[in-house]
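The values are calculated or read from the model by the stated rules, or taken from the named source; none is laboratory data. Note that this is a predicted model, so its numbers are computed, not measured. Cβ: placed from backbone, ideal geometry, glycine included. Neighbour counts: every protein chain shown. When the accessible area is computed, the model is the full protein with side chains, heavy atoms only, and any ligands, DNA or RNA have been set aside. Shrake-Rupley method; radii C 1.70, N 1.55, O 1.52, S 1.80 Å.
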Amino acid sequence: MPGLFRLLRRRRLLRRPFPSEWLGHLDARVPFFATLSPALRQTFLDKLKVFAWEKEFIGAGGLEITDEIRVVVSATAVQLVVHLDLAYYDRLREIIVYPDAFLLPDRTGVVLGEAKNWGSVILSWAAVLSGLSNPTDGHDTATHEFAHVLDRADGAFDGTPKLRSYSHYRAWASVMSEHFHGLQSGRAVERRVLDDYGAVNEAEFFAVASESFFERPARMREKTPDLYEELKRFYGWDPASGT
């Protein structure tokens, strides 16, 4: 979708009223929605409706895409960009949703989520709901996969998304490298904050750190304050303080 066409289309979508029935899905399934301030809630809803109508949702494994699935999955994606621009999702074209864990030809064993290089995110609906139903356990498949999409927005899955300013990259690289290698070596402070899967590579580290940032912000701020500050500066959120 060329840039100008995308911009005009998003403006048209933004002018459409938010479907009132969608609020019921948010209230029932998305706990963080209730914590948003009135001003932030409006920004969230505006971005959610554009995302939900712009992206193609495809059911797989016998799953039929409903408004509930479209709204709830979109909410998990938009949480990451409430203080950013929807342009971070420009490369994302489609979201494929299975009812539960699934198999992929290039992966061993069952999978709960996958962000593909060519513009697709594949999710287990059961895993999406599980991640939302326990918002403090540090595990959220949808947050993890959409963090990969933000990472890929600048051209590569490398653990460094497009930051807000060129001046931020040096501190980001230093802090992320320090804690990535700390997790790889099994250092206790990182293991108290981050899942071991973050030690696989830099891209997985960013996705795992994003899960913990949104789900265990107070613990991250206490144990790894420099990591928390870098993620706060990028995402624009301070979830440990509720803002």
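Can you tell me how much longer the chain between residue 165 and residue 134 gets when fully stretched, taken as 0.36 nm per residue apart minus their C-alpha distance, in nm with one decimal?
Length difference between fully extended and current span is 7.8 nm.
In whole angstrom, how far apart do the alpha carbon centroids of region 52-77 and region 181-237 sit?
Each part's Cα centre sits 28 Å from the other's.
Please state the shape class of region 1-101: rounded when a/c is under 1.5, otherwise prolate if a/b exceeds b/c and oblate if not, all from the C-alpha gyration tensor.
Taking the square roots of the gyration eigenvalues as a ≥ b ≥ c, region 1-101 is oblate.
Quick one: if the Förster radius is 35 Å, what FRET efficiency do residue 185 and residue 117 give, using the C-beta to C-beta distance and rounding to 0.05?
It comes to 0.75.
Please list, or write none, the lysines whose alpha carbon is within less than 17 Å of the alpha carbon of residue 116, excluding same-chain residues fewer than 8 places away.
Straight-line reach from residue 116, under 17 Å: 55.
Taking Cα atoms, how many degrees apart are the long axis of helix 202-215 and the longest axis of the chain, rounded to 10 and kept between 0 and 90?
70
In the full protein assembly as shown, how much of residue 181 is accessible to a 1.4 Å probe, in Å² to the nearest 10?
Around 100 Å² of this residue is reachable by solvent.
How large is Rg over Rh for the chain, taking Rg from the Cα atoms and Rh as the Kirkwood inverse mean of 1/r across Cα pairs?
Result: Rg/Rh = 0.94.
Considering the alpha-carbon set of region 127-243 alone, what are its Rg and its Dmax in angstrom?
So, for region 127-243, Rg and Dmax equal 13.0, 38 Å respectively.
Taking loop as defined by DSSP and a crowding limit of 15 other beta carbons within 10 Å, which trypsin sites (Lys or Arg not before Pro) in region 178-236 fit?
On the way: sites: 187, 191, 192, 219, 221, 223, 232, 233; in loops: 187, 192.
Sites meeting the loop and neighbour criteria: 187, 192.
I'd like to check one number: the per residue accessible area of the chain, probe 1.4 Å, reported in Å² as a whole number.
Details: 11230 Å² over 243 residues.
Here the per-residue accessible area is 46 Å².
When the accessible area of the chain is split by element with a 1.4 Å probe, what percent falls to carbon and sulfur?
Carbon with sulfur: 52 percent of the solvent-accessible area.
In 5 Å bins starting at 0, how do the alpha-carbon pair distances of region 1-46 split up by percent?
5, 18, 21, 21, 14, 12, 8, 1
With each run of n ≥ 4 DSSP H residues scored as -39500 (n - 2.57), what mean residue ellipticity at 222 nm is computed for the chain after dividing by its residue count and rounding to the nearest 500 deg cm²/dmol?
Helices in the chain give a 222 nm mean residue ellipticity of -15500 deg cm²/dmol.
Need the list of aspartates and glutamates near residue 49 for cross-linking: C-alpha distance under 16 angstrom, and skip anything on the same chain fewer than eight residues off.
Output for residue 49: 21, 27, 67, 68, 85, 90, 94.
Among the lysines, which have Cα under 18 Å from the Cα of residue 232 when same-chain residues fewer than 8 positions away are ignored?
Once the sequence-local lysines are set aside, what remains near residue 232 is 162, 223.
By how many degrees, between 0 and 90 and to the nearest 10, does the Cα long axis of helix 225-235 differ from the longest principal axis of the chain?
Helix 225-235 sits roughly 30 degrees off the main axis of the chain.
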